[in-house]
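The values are calculated or read from the model by the stated rules, or taken from the named source; none is laboratory data. All of these numbers come straight from a predicted model, not from anything done at the bench. Virtual Cβ from ideal backbone geometry, glycine too; neighbours counted across all protein chains shown.
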Ligand SMILES: Cc1cc2nc3c(=O)[nH]c(=O)nc-3n(C[C@H](O)[C@H](O)[C@H](O)COP(=O)(O)O)c2cc1C
């Protein structure tokens, strides 16, 4: 299923096409495809080139590891995530390697790495759905995450599935229109909250 963004201004077709479905196909994701996704993440920019990201991953082929990672997701997410062939959790290193000082941009940079991964996934015809709904303490315990590292988000990925495979409530959400705030609500100039004149003109309808 496609749910392209209804944009105010033109954007690249890949960005327009990306969305976060809950229906995934059971089709496994090829190892070389997964390697391309992590390679894309690897080439994200980061503050001081610290690359403060790491990923835990489990594929459905390994039942034990898959069940372990699935158990770190909150129940509302397990409902649909359990269809997907690949589960991941992103992890941030919160201090700099060089001097141990806090890295204020660690989460930001993990987000950039995931954004790269998501874009590469979209290129390859995969769907990705990120999740705040994980149990970070459980991830820490089950995977032995060291101090100064922090689980950030769950990531579900696979080939797109059939919305009909979802339970009723979720099926409706899958079909609901995608929504965004207008640019005027978050692009400011001169003072906090003052819309930048460049975007305060009438949105262009494409
Ligand atoms: C960091 C992050 C956490 C999210 N957490 C959840 C979650 O726990 N469960 C869920 O169903 N969706 C989650 N989402 C998906 C968002 O709800 C979704 O991206 C948003 O509604 C916009 O929809 P779109 O991605 O289809 O454009 C999360 C997305 C991000 C980036």
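Things to note:
- Condition met for residue 115 (in a helix (DSSP H, G or I), under 17 Å from the mean Cα position of the chain (by Cα) and within 12 Å of the ligand (Cβ to nearest atom)): yes
- Looking across region 131-174, the residues that are surrounded by fewer than 17 Cβ atoms within 10 Å (Cβ to Cβ), at pLDDT 95 or above, within 16 Å of the ligand (Cβ to nearest atom) and not in a helix (DSSP H, G or I) come down to 132, 133, 135, 160.
- Condition met for residue 40 (over 30 Å from residue 171 (Cα atoms), assigned to a loop (DSSP other than H, G, I, E, B) and under 17 Å from the mean Cα position of the chain (by Cα)): no
Residue-wise test of (1) surrounded by fewer than 12 Cβ atoms within 10 Å (Cβ to Cβ); (2) at pLDDT 95 or above; (3) in contact with a strand residue (DSSP E or B) (Cβ under 6 Å, 6 or more places away or on another chain).
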site	(1), (2), (3)
5	no, yes, no
26	no, yes, no
66	no, yes, yes
74	no, yes, no
81	no, yes, yes
85	no, yes, yes
90	no, yes, yes
100	yes, yes, no
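- The set of residues in region 16-37 being part of a helix (DSSP H, G or I), in contact (Cβ under 8 Å) with a residue 40 or more places away in the chain and over 21 Å from residue 173 (Cβ atoms) consists of 33, 34, 36, 37.
- Lone unmet requirement of (1) in contact with a strand residue (DSSP E or B) (Cβ under 9 Å, 6 or more places away or on another chain); (2) farther than 18 Å from residue 122 by Cα for residue 49: (1)
- For region 66-109, a residue qualifies if it is more than 14 Å from the chain's Cα centre (by Cα) and part of a helix (DSSP H, G or I), and the qualifying residues are 66, 67, 68, 69, 70, 75, 76, 78, 79, 80, 106.
- Among residues of region 172-183 that are farther than 19 Å from residue 200 by Cα, those with a Cβ under 6 angstrom from a residue that is part of a helix (DSSP H, G or I), sequence gap 6+ or separate chain, pair up as 174/163.
- Among the residues of region 43-59, those identified as more than 15 Å from the chain's Cα centre (by Cα) and farther than 23 Å from residue 77 by Cα are 43, 45, 46, 47, 48, 49, 50, 51, 52.
- Unique match (being crowded, with 17+ Cβ neighbours inside 10 Å, touching a strand residue (DSSP E or B) at 6+ places or on another chain (Cβ under 8 Å) and in contact (Cβ under 8 Å) with a residue 40 or more places away in the chain) among 94, 126: 126
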